[in-house]
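Contents: one structure, followed by commentary.
The values are calculated or read from the model by the stated rules, or taken from the named source; none is laboratory data. All values reported here derive from a predicted model rather than from experimental measurement. No Cβ is skipped: glycine too gets one built from the backbone with ideal geometry, and neighbour counts run over all protein chains shown. For accessibility, only protein heavy atoms count, side chains too; no ligands or nucleic acids. Shrake-Rupley method; radii C 1.70, N 1.55, O 1.52, S 1.80 Å.
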Amino acid sequence: MKSEEVIRLASDNGYETKDAVALKREASGREYWRISNTNSSYVLCYQDPLEGSHDTFINISKSLENHKINASRVLFHNPEIGITIQTDIGDADLLSIMNEENKKSLIQQSLELLCKFQSIDIPNLSKFSKKELEDQSSLFIEVFCSQFLEIESTDALKELVKQTVENIMLQPWANCHFDYERRNLISDLTENKIHMIDYQDTRIGPIGIDIAGILLDHYYPLNKKDINGHLDFYKSISVYKDKELDFFEILRWGGIQRNLRILGVLSRLSIEKNLDFRLKDIPMIFNNLIAIMPKDSPGYSFLTNTVKNKLNERIHNL
């Protein structure tokens, strides 16, 4: 949308708006705008009603507010035109503000928020099926490899998907944000609190997906020493601290599934909708996928040689 359209939409729905500034556009197609007048500012989220609704987001938002989870709040909803108006918690996302000095503190705050989020009851929350997790992971083969890189699938890659899903099915399951990463975590600089946003895709799922979201970053190379330190902290505060669980393996397979899925999704957006704004992230996501994989995993050598070379060639030619 254009800013003029956003200003008109907000004003027509009771939120007098003088200015509208685009915040970000998500892979899902959702658009976020900061709308403001002389006295206040809010965030308007737009999604084409033909492509999805805000109902799940609103339901989750109510539960988060009831359990005092730091998150954006829905103030207004018009389902016919596909908008919500939310509280404006600023734009100091962790991707923008994190540095070597504050990294440990911000990640620990994010893990504390995650533990609290994982343990609350959210009514009517659906659960991922094994087939959904398989289909998400298979996007790597069907879209990223076959369509984006024009590489034929191999049995080893299919075995990697199977192994990944088998491992995450064995993990503890809890509320899963499904995109718990630095871009979706906002620091309230006045109160020194972390708030989560973009939680509309929350389901009951393997805990490794969200742990990997915050610790296996899309924007920096994997650092196993740092990750293990943060995992020790997570274990000390989580409801799973008394269980004999290998949290690195939980993160490993949650991260593999997440990166396989996201590489497929970003490639599909480029191919089907000419949305290339996240292609720059693909090399790091792919490199971290390789870095977290066991070297004896099915397809490891194929990924490190054939697929990596083809990806470098593809990105170079963009």
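Some observations on this one:
- Sparse packing (at most 14 other Cβ atoms within 10 Å of the Cβ) combined with a DSSP loop state is found for the following trypsin sites (Lys or Arg not before Pro) in segment 7-50: LYS18.
- Here the chain was treated as a single set of alpha-carbon atoms; its pair distances binned every 10 Å from 0 give 5, 26, 33, 25, 10, 1, 0 percent.
- Cβ-based net charge around GLU152, under 14 Å, with every Lys or Arg adding one and every Asp or Glu removing one: -1
- Mean sequence separation of contacting Cα pairs (under 8 Å, at least six apart), scaled by the length of the chain, corresponds to a relative contact order of 17 percent.
- Across segment 62-195, the convex hull enclosing all Cα atoms gives 185 Å³ per residue.
- Between the helical axis of 282-292 and the longest alpha-carbon principal axis of the chain there is an angle of about 50 degrees.
- Contact order normalised by residue count of segment 1-99, Cα under 8 Å, 6+ apart, percent: 19 percent
- Applying both filters, DSSP loop and at most 16 other Cβ atoms within 10 Å, to the GluC sites (Glu not before Pro) of segment 30-108 gives GLU51, GLU80, GLU100, GLU101.
- Amide hydrogen proximity for LEU23: with H placed 1.01 Å from N in the peptide plane, the residues at 5 or more positions away or on another chain lying under 5 Å are TYR32, TRP33, ARG34.
- Computed with a 1.4 Å probe over protein heavy atoms only, the accessible area of ILE211 comes to about 0 Å².
- Shape analysis of segment 151-269 based on the Cα gyration tensor places the equivalent ellipsoid semi-axes at 25, 19, 14 Å, largest first.
- Folded to 0 to 90 degrees: helix 155-169 orientation relative to the chain principal axis, Cα: 60 degrees
- Considering helices alone, the calculated mean residue ellipticity of the chain at 222 nm is -13500 deg cm²/dmol, with DSSP H runs of length four and up weighted by -39500 (n - 2.57) and normalised per residue.
- Convex hull of alpha carbon positions in segment 239-318: directionally averaged projected area 6.8 nm².
- For segment 71-210, with all protein chains in place and a probe radius of 1.4 Å, 46% of the accessible heavy-atom surface sits on carbon or sulfur.
- Relative contact order of segment 30-189, pairs being alpha-carbon contacts under 8 Å that are 6 or more residues apart, as %: 23 percent
- Solvent-accessible surface (1.4 Å probe) assigned to PHE286 amounts to roughly 0 Å².
- Semi-axis lengths, largest first, of the ellipsoid equivalent to segment 41-120 are 27, 16, 11 Å, with √(5λ) applied to each eigenvalue of the Cα gyration tensor.
- Pairs beyond 26 Å (Cα-Cα), from LYS224/LYS280; LYS158/LYS241; LYS62/LYS116; LYS103/LYS193: LYS158/LYS241
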